[in-house]
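Student: One structure coming up, written as structure tokens, with questions to follow.
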Amino acid sequence: MNKQQLANKIWESANKMRSKIEANEYKDYILGFIFYKYLSDNEVRFLRQNGVSDADMAASLVEEDADTTRYVQTSIGYYIAYRDLFSTWIAMGRDFDVSNVREALSAFSRLINPTHKKVFEGIFDTLQTGLSKLGESAASQTKAISDLIHLIKDIPMDGRQDYDVLGFIYEYLISMFAANAGKKVGEFYTPHEVSLLMSEMVADHLKHKSEIEIYDPTSGSGSLLITIGQSVAKHMTDSQHIKYYAQELKQNTYNLTRMNLVMRGISPDNIVTRNGDTLEDDWPYFDDNDRERTYQPLYVDAVVSNPPYSQNWEPAGKEANPRFARFGLAPKGKADYAFLLHDLYHLKPDGIMTIVLPHGVLFRGGEEGEIRKNLVEANHIDAIIGLPANIFFGTGIPTIIMVLRQRRANTDVLIVDASKGFEKVGKNNRLRASDIRRVADAVIGRAEIAGYARPVSRDQIRQNDYNLNIPRYVDSSARAESWDIYASMFGGIPTGEIDALGDYWAAFPTLRDALFTAEAYASLSARDVKAAIRGHAAVAAFRAQFAKGFEGWQDTLQVRLMEGMETLALSKEEAILSADIFSRLASVPLIDPYEAYQLLDDEWAKISVDLEIIQTEGREAIRRVDPRMVLKKKDGKDQEVQDGWMGRIIPFALVQETLLKTETDALQAKENRLADITAQQTELLDAMPEEEKDGETVNDSKDGFVPAAVLKTAKQLTAERPAGAYPQDSFEARILTAAALITEEKTLKAHIKVDAAALHMKTKATLEALTEAQAALLIERKWIAPLVESFHSLPGRVLQTLETAVQALAEKYATTFEAVETEIRETEQALAAMLGELEGSPFDKQGLEEFRALLLGGKHE
């Protein structure tokens with residue numbers, strides 16, 4: 001299974017296994033064991049790479065072997081004895097016990113390399129103290145832990161060729177625990193999409209640097225810091241030249257930070273972490289054992305943070321603190337600006353910072369207003385990005401990203417309203433890849449985009465008394481629909497409303513004249529809007545222009561993705577493809593390049609998974625077939641059992657429709673006939689009178705035949721006289737027809753079962769024996785064809801939008817107010833005439849007559 005399937009499986013199983021333990025708490029246990037597995041496997045891999053055989057490990061990985069112990073400690077920063085290896089726990093089978101874990105974790109703490117204590121010391125404290133919560137007895141704890149370690153034992157830890165399964169699964173589990181942890185989540189997780197947006201802006205600013213230091217003062221799980229590092233690394237030749245600084249207040253969350261950083265293959269020498277209150281216990285950092293020589297005034301290239309929103313803090317006594325002295329102290333009840341000023345203080349002169357804050361920091365007054373004024377006048381605020389509501393787990397409040405720099409050449413502030421760009425996923429909103437790219441491009445290019453982004457001068461901000469509320473500067477609200485009074489009364493389409501489609505008229509010269517008359521209040525001259533638009537010469541030229549722009553694109557994809565599948569850089573390839581797409585669309589009007597980019601990203605998410613597998617396992621992975629495992633109830637419990645086979649990369653259905661079409665079509669024909677039989681039985685049943693359905697041949701709910709009873713009755717009927725002797729619409733004829741259908745259905749089902757099983761096994765054999773040409777054909781149909789097809793739909797989408805808009809204009813004023821009034825009067829007169837024909841008591845007649853008089857007098861609402 002691929003990494004997403006493995007992540008899903010682990011999450012589903014873990015969520016069931018945690019039973020009554022809170023998700024926010026259980027995450028510490030499963031993530032802790034994953035980290036221990038990583039350390040254990042990492043040590044084994046290190047020893048193998050240095051010539052130590054598995055047999056030698058069993059003999060030498062004992063604490064009594066001081067030389068080996070010291071060698072491992074100094075090389076990787078820690079030491080795990082053979083008896084404490086994760087693989088040893090698995091091999092122990094029923095002999096495994098919770099005491100093995102307690103002893104191993106205790107030994108790990110004792111055997112950390114002294115120079116790496118800051119990275120590893122206390123990292124398993126949360127797991128160690130929480131073992132007792134996994135069961136009421138040692139036996140129940142042992143079972144819970146055994147189940148858990150067997151659940152994660154198949155996670156590959158080698159990370160070869162960017163096949164970062166471990167990091168992906170770790171991130172996925174954190175996000176899923178976050179989604180299920182309610183309001184507790186804010187303390188440890190920034191949604192990955194928000195991290196990506198921040199990282200794109202930071203990476204662009206730092207792309208020319210060869211050595212980089214980045215810092216997150218409220219690091220949580222460490223995911224935000226890692227995402228920034230990954231984006232920065234795309235512009236570097238050696239990612240080991242990135243140094244990571246992290247600080248986190250809560251011990252268990254601080255442990256997540258360290259685990260996450262270490263598991264991403266970051267050298268311990270490049271990890272500097274602190275467990276403490278960022279606002280109360282700031283850098284510079286001193287080592288308590290050597291304060292004079294370890295003084296480090298921390299200044300970094302980038303600071304990224306998602307601090308707890310509007311947190312209480314104590315500003316008293318901090319007036320002279322260098323972090324706050326220049327700008328002011330945040331109010332006691334809201335620490336938002338305290339975190340911001342902390343981040344800004346730690347930037348190098350050419351550094352950049354991004355921080356997530358509640359929307360209120362843009363307009364609240366008092367101390368916050370004064371700080372905001374000072375930041376604007378000191379020219380530190382570079383950009384403000386309004387995010388969609390309900391984008392963070394556990395809170396629905398509106399949030400922003402603020403981008404600041406120590407030194408800037410320009411003096412304006414770019415304000416972006418990105419609140420409308422998202423997709424709904426469950427209860428939350430989520431930024432799409434196109435939303436992230438659109439914001440990042442706007443910020444990097446400092447673009448002015450109507451209703452979206454605008455550079456705002458410092459003078460205008462001063463005129464607004466330093467209020468930075470986004471709607472003051474960027475109006476992204478939808479325009480309310482207006483109605484023309486004249487057109488509403490007399491008909492016709494106002495020229496101004498046709499003008500609103502100006503982008504289309506600019507792209508399609510003369511199309512407007514082909515659709516509308518030229519009066520001030522026009523009419524639609526085209527009888528078939530769609531045909532008029534699609535058949536117009538300017539539209540044909542637009543399609544040709546798009547086709548020319550993407551000439552040779554399919555060949556480019558085949559060369560880059562198929563011929564280079566084993567060597568291309570996965571982390572950079574999507575950016576290369578997207579740059580090509582933006583370039584091709586530069587001369588094509590109307591098509592939104594970000595919509596195109598989203599199509600690319602949707603397909604790339606699937607293609608990249610396949611490429612990761614191929615780069616890890618080789619091209620032979622294309623031919624590999626794996627057992628298809630499903631959960632089935634056995635002895636009252638869900639158990640994983642095999643249900644056929646599945647392609648590791650190539651779906652069976654693709655093999656069948658491409659290489660086994662004759663067999664697939666034959667099976668499909670039988671399945672279609674089976675569906676026809678079901679429909680015929682329904683029609684036959686519907687045609688039966690209700691009294692005929694009361695017999696034993698129809699079930700109690702009267703929506704289906706009883707096969708055994710139908711066949712028995714049919715046998716009796718044919719014994720009495722030939723089948724054709726019964727009248728066509730008789731009960732007997734219907735039963736004989738039903739019997740024939742039931743017999744055919746039974747035979748057909750048996751054949752389909754046999755044929756489907758045979759096709760399934762033939763597909764397996766075909767996939768395993770693919771020629772190179774066949775493998776290439778299948779890969780092309782899985783990767784390239786859907787991408788090309790989706791892109792070629794873009795012009796059609798543009799035209800469909802125009803067709804809908806033109807049709808809406810025509811229908812908007814098609815019925816005038818006068819016509820509505822005439823219809824009302826005619827309806828009233830018809831109703832009055834009907835009332836005059838009604839009979840009743842004298843009182844009824846008097847009431848009806850009065851109602852009739854009102855109608856004829858035109859008194860209506």
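The values are calculated or read from the model by the stated rules, or taken from the named source; none is laboratory data. For clarity, every value in this text was computed on a predicted model and none was experimentally measured. Note: ideal-geometry Cβ built from the backbone for every residue, glycine included; neighbour counts use all protein chains shown. Surface accessibility is based on the protein's heavy atoms, side chains included, excluding ligands, DNA and RNA. Shrake-Rupley method; radii C 1.70, N 1.55, O 1.52, S 1.80 Å.
Student: Filter the stretch 263-277 for residues that are under 26 Å from the mean Cα position of the chain (by Cα) and of a type in the set (Gly, Ala, Ser) and give the result.
Tutor: 265
Student: Also, quick follow-up: Please tell me if residue 370 is in contact with a Gly (Cβ under 6 Å, 6 or more places away or on another chain) and over 25 Å from residue 418 (Cβ atoms). Lay out the reasoning, then the answer.
Tutor: Numbers: in contact with a Gly (Cβ under 6 Å, 6 or more places away or on another chain): yes; over 25 Å from residue 418 (Cβ atoms): yes.
Criteria met by residue 370.
Student: Take the residues in the stretch 244-256 that are touching a residue at least 40 places away in the same chain (Cβ under 8 Å) and in contact with a strand residue (DSSP E or B) (Cβ under 7 Å, 6 or more places away or on another chain); name whichever of them is surrounded by the most Cβ atoms within 10 Å (Cβ to Cβ).
Tutor: Of all residues in the stretch 244-256, those touching a residue at least 40 places away in the same chain (Cβ under 8 Å) come to 245, 250-253, 255-256.
With the extra rule that they be in contact with a strand residue (DSSP E or B) (Cβ under 7 Å, 6 or more places away or on another chain), the set shrinks to 245, 251.
Numbers: 245: 23, 251: 12.
The residue in question is 245.
Student: Ok, one more. Return the pairs, sorted by first residue and then second, in which the second residue is in a helix (DSSP H, G or I) and open to solvent by less than 20 Å² (accessible area, probe 1.4 Å), the first residue lies in the stretch 30-46 and is touching a residue at least 24 places away in the same chain (Cβ under 8 Å) and farther than 13 Å from residue 170 by Cα, the beta carbons are less than 6 Å apart, and the residues are 6+ apart or on different chains.
Tutor: That search, which allows pairs on different chains as well, returns 40/86.
Student: Another question, if that's okay. Only one of 344, 404 is among the aliphatic types (A, V, I, L, M), assigned to a helix (DSSP H, G or I), closer than 28 Å to residue 229 by Cβ and at pLDDT 95 or above. Can you tell me which? Break it down into steps so the answer makes sense when it comes.
Tutor: Numbers: 404 fails: assigned to a helix (DSSP H, G or I).
The unique qualifying residue is 344.
Student: Considering only residues that are open to solvent by 20 Å² or more (accessible area, probe 1.4 Å) and under 39 Å from the mean Cα position of the chain (by Cα), which ones fall in the stretch 117-140? Walk me through it before giving the result.
Tutor: Step one: list which residues in the stretch 117-140 are open to solvent by 20 Å² or more (accessible area, probe 1.4 Å), which gives 117-118, 121, 125-126, 128-129, 132-134, 136-140.
Correct list: 117, 118, 121, 125, 126, 128, 129, 132, 133, 134, 136, 140.
Student: Could you please find all residues in the stretch 444-473 being of a type in the set (Gly, Ala, Ser) and more than 19 Å from residue 354 (Cα to Cα)?
Tutor: The answer is 450, 451, 457.
Student: Next question, about the same structure. Could you list, in sequence order, all residues of the stretch 785-827 that are touching a residue at least 60 places away in the same chain (Cβ under 8 Å), open to solvent by 50 Å² or more (accessible area, probe 1.4 Å) and among the acidic types (Asp, Glu)?
Tutor: Answer for the stretch 785-827, where residues must be touching a residue at least 60 places away in the same chain (Cβ under 8 Å), open to solvent by 50 Å² or more (accessible area, probe 1.4 Å) and among the acidic types (Asp, Glu): just 818.
Student: I'm trying to understand the selection: among the residues of the stretch 415-450, which are aliphatic (A, V, I, L, M) and under 24 Å from residue 310 (Cα atoms)? Walk me through it before giving the result.
Tutor: Initially, the stretch 415-450 is screened for residues aliphatic (A, V, I, L, M), giving 415-416, 418, 425, 431, 433, 436, 439-440, 442-444, 447, 449-450.
The answer is 415, 416, 418, 431.
Student: Which of (1) farther than 15 Å from residue 192 by Cα; (2) touching a residue at least 12 places away in the same chain (Cβ under 8 Å); (3) surrounded by 15 or more Cβ atoms within 10 Å (Cβ to Cβ); (4) under 33 Å from the mean Cα position of the chain (by Cα) does residue 373 not meet, given it meets every other one?
Tutor: Failed condition: (4).
Student: If you go through the stretch 571-604, how many residues are open to solvent by 60 Å² or more (accessible area, probe 1.4 Å) and closer than 17 Å to residue 780 by Cα?
Tutor: So the answer is 1.
Student: Let me ask another. Which residue pairs have Cβ atoms under 7 Å apart, sit 6 or more places apart or on different chains, and have a first residue in the stretch 439-467 that is assigned to a strand (DSSP E or B) and a second that is polar (S, T, N, Q)?
Tutor: Filtered contacts from the stretch 439-467: no entries.
Student: Just one of (1) surrounded by 21 or more Cβ atoms within 10 Å (Cβ to Cβ); (2) touching a helix residue (DSSP H, G or I) at 6+ places or on another chain (Cβ under 8 Å); (3) hydrophobic (A, V, I, L, M, F, W, C) trips up residue 272, so point out which.
Tutor: (1)
Student: Something else about it: Given (1) in a helix (DSSP H, G or I); (2) under 21 Å from residue 126 (Cβ atoms); (3) of a type outside the set (D, E, K, R), where does residue 232 come up short, assuming only one miss?
Tutor: (2)
Student: Starting from the stretch 505-533, keep only residues that are touching a residue at least 40 places away in the same chain (Cβ under 8 Å) and open to solvent by 30 Å² or more (accessible area, probe 1.4 Å), then list their pairs with residues that are among the aliphatic types (A, V, I, L, M) and part of a helix (DSSP H, G or I) whose Cβ atoms are within a distance under 6 Å, requiring at least 6 positions of separation or different chains.
Tutor: 524/810
Student: Going residue by residue through the stretch 607-625, is there one that turns out to be surrounded by fewer than 18 Cβ atoms within 10 Å (Cβ to Cβ), farther than 30 Å from residue 763 by Cβ and in contact (Cβ under 8 Å) with a residue 24 or more places away in the chain?
Tutor: no
Student: When you look at residue 702, is it open to solvent by less than 50 Å² (accessible area, probe 1.4 Å) and farther than 30 Å from residue 784 by Cα, yes or no?
Tutor: Numbers: open to solvent by less than 50 Å² (accessible area, probe 1.4 Å): no; farther than 30 Å from residue 784 by Cα: yes.
When the stated conditions are applied, residue 702 does not pass them.
Student: May I ask you to verify whether residue 768 is within 30 Å of residue 619 (Cα to Cα), open to solvent by 40 Å² or more (accessible area, probe 1.4 Å), under 34 Å from the mean Cα position of the chain (by Cα) and without any contact (Cβ under 8 Å) to a residue 12 or more places away in the chain?
Tutor: Answer is no for this residue.
Student: Counting only residues that are hydrophobic (A, V, I, L, M, F, W, C) and within 18 Å of residue 733 (Cβ to Cβ), which one in the stretch 675-699 is surrounded by the fewest Cβ atoms within 10 Å (Cβ to Cβ)? Talk me through it step by step, then tell me what you get.
Tutor: First, pick out the residues of the stretch 675-699 that are hydrophobic (A, V, I, L, M, F, W, C): 675, 677, 679, 684-685, 687-688, 698.
Subsequent filtering for residues that are within 18 Å of residue 733 (Cβ to Cβ) retains 677, 684-685, 687-688, 698.
On the way: 677: 17, 684: 15, 685: 19, 687: 11, 688: 18, 698: 19.
The qualifying residue surrounded by the fewest Cβ atoms within 10 Å (Cβ to Cβ) is 687.
Student: Another question, then. Is it fair to say residue 782 is at pLDDT 95 or above, open to solvent by 40 Å² or more (accessible area, probe 1.4 Å), at negative phi and not polar (S, T, N, Q)? Reasoning before the result, please.
Tutor: Numbers: at pLDDT 95 or above: yes; open to solvent by 40 Å² or more (accessible area, probe 1.4 Å): yes; at negative phi: yes; not polar (S, T, N, Q): yes.
When the stated conditions are applied, residue 782 passes them.
Student: Within the stretch 13-53, which residues are open to solvent by 50 Å² or more (accessible area, probe 1.4 Å) and under 24 Å from residue 264 (Cα atoms)?
Tutor: Hits for the stretch 13-53 are 25, 45, 48, 49, 50.
Student: In the set 758, 765, 733, 750, which member is part of a helix (DSSP H, G or I) and at pLDDT below 95?
Tutor: Numbers: 758 fails: at pLDDT below 95; 765 fails: at pLDDT below 95; 750 fails: at pLDDT below 95.
Going through 758, 765, 733, 750 in turn, the sole match is 733.
Student: If you take just the helices (runs of 4 or more DSSP H) that sit entirely in the stretch 614-720, which of them hold at least 1 residues that are modelled with pLDDT under 95 and over 30 Å from residue 568 (Cβ atoms)?
Tutor: Output list reads 661-687, 707-720.
Student: Let me ask another. Restricting to the stretch 186-214, name every residue that is touching a Lys or Arg at 6+ places or on another chain (Cβ under 9 Å) and among the aromatic types (Phe, Trp, Tyr).
Tutor: Correct list: 188 only.
Student: Next question. Would you check which residues across the stretch 344-358 are closer than 17 Å to residue 330 by Cβ and either open to solvent by 50 Å² or more (accessible area, probe 1.4 Å) or touching a residue at least 60 places away in the same chain (Cβ under 8 Å) (or both) and list them?
Tutor: Result: 344, 345, 346, 356.
Student: Any idea how many residues of the stretch 442-463 are open to solvent by less than 40 Å² (accessible area, probe 1.4 Å) and either within 26 Å of residue 370 (Cα to Cα) or among the polar types (S, T, N, Q) (or both)?
Tutor: Here the count works out to 5.
Student: Of these, 36, 71, which one is within 18 Å of residue 258 (Cα to Cα), assigned to a helix (DSSP H, G or I) and aromatic (Phe, Trp, Tyr)?
Tutor: 36
Student: Let me confirm something: among 313, 283, which residue is touching a helix residue (DSSP H, G or I) at 6+ places or on another chain (Cβ under 9 Å) and either surrounded by fewer than 17 Cβ atoms within 10 Å (Cβ to Cβ) or in contact (Cβ under 8 Å) with a residue 24 or more places away in the chain (or both)?
Tutor: 313
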